[in-house]
Amino acid sequence: MLARQRQELILDEVRSTGGVRVSDLVERLGVSDMTVRRDIEVLTARGLVTRVHGGATAAGSSVEEPGFAAKSGLHTDAKQAIARAAVALIEPGASVALSAGTTTHAVAAELVAIPRLTVVTNSLRVAEVLHESARSDLCVVLTGGERTPSDALVGPVAVNALRGLHVDWLLMGVHGMDVGAGFTTPNLAEAETNRALVASARRVAVVADNSKWGVVGLSTIAALDEVDVLVSDDGLEPAARRTLDETCGRLVLAS
């Protein structure tokens, strides 16, 4: 297969699913890891995709929102490490809110080990993980609302459900984080619902892998200095570490 044919196939896959992994492309195309990475670099240079750790995602505007399936296969090791570090913040008997997203989905899987929790979430996928644990000491509260491409429940129903709630911790995933824009999402309704989640929590922890740095979605959820803890991974570049260490309440880097 010629390089141009490979690149067209990669671009088609990114456009249809929102993202691809290098490892999957190596197996599918029958070429080396370096060949796939060079193809992705060519597409990135042409502005057709965005190169991320372990793969590529769609290169679009601040309003494009990849679906849950497109994001779930990216940065899996980092997300698992972040999930373990985030759950270490939570004490038995706490009330915890979890936003929707692939990183918070990983957090939910780790959270089931902590006894006597009450969890509020606007994610059917998160609720399903918690429900499948079959723990009698785990109470799960779903907000309701309209479903987004990232499987978040948002809108007036979700916001109204959150207005009267008060939780100890919010563990929140984001689309992007930037020194100027703060923590963002491309979905206006999701931004509003996440702001309601922030307002319901005594302490807020954002869970976001290093690929989110420098990414700006359409709508800001919170400024960098409005969160108590940012849990990311040790792939975060030094300049980003310095900025986040100076602005967020506390920076935790999982490995």
Accessible area per residue for the chain in Å², computed with a 1.4 Å probe and the full protein assembly in place, what is it? 45 Å²
GNM result for the chain, Cα springs below 10 Å: residue of Leu117, Leu197, Leu98 fluctuating most strongly: Leu117
Taking N as the number of residues in the chain, what is its Cα Rg relative to 2.2 N^0.38 Å? 1.01
Whenever you get a sec, compute what percent of the accessible area on the chain sits on carbon and sulfur atoms (1.4 Å probe). 49 percent
Contact order relative to length for segment 137-197, counting C-alpha pairs under 8 Å separated by 6 or more residues, stands in percent at 30 percent
Between segment 205-241 and segment 1-37, what's the alpha-carbon centroid distance in Å? 28 Å
Report the normalised scattering of segment 167-243 as log10 I(q)/I(0) at q = 0.18, 0.21, 0.25, 0.26 Å⁻¹, calculated by the Debye formula with identical scatterers on the alpha carbons. -0.65, -0.88, -1.21, -1.28
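The values are calculated or read from the model by the stated rules, or taken from the named source; none is laboratory data. What you are looking at is a predicted structure, and each value in this text was computed from that prediction instead of being measured. These accessible areas exclude ligands, DNA and RNA; they are computed on the full protein's heavy atoms, side chains included. Shrake-Rupley method; radii C 1.70, N 1.55, O 1.52, S 1.80 Å.
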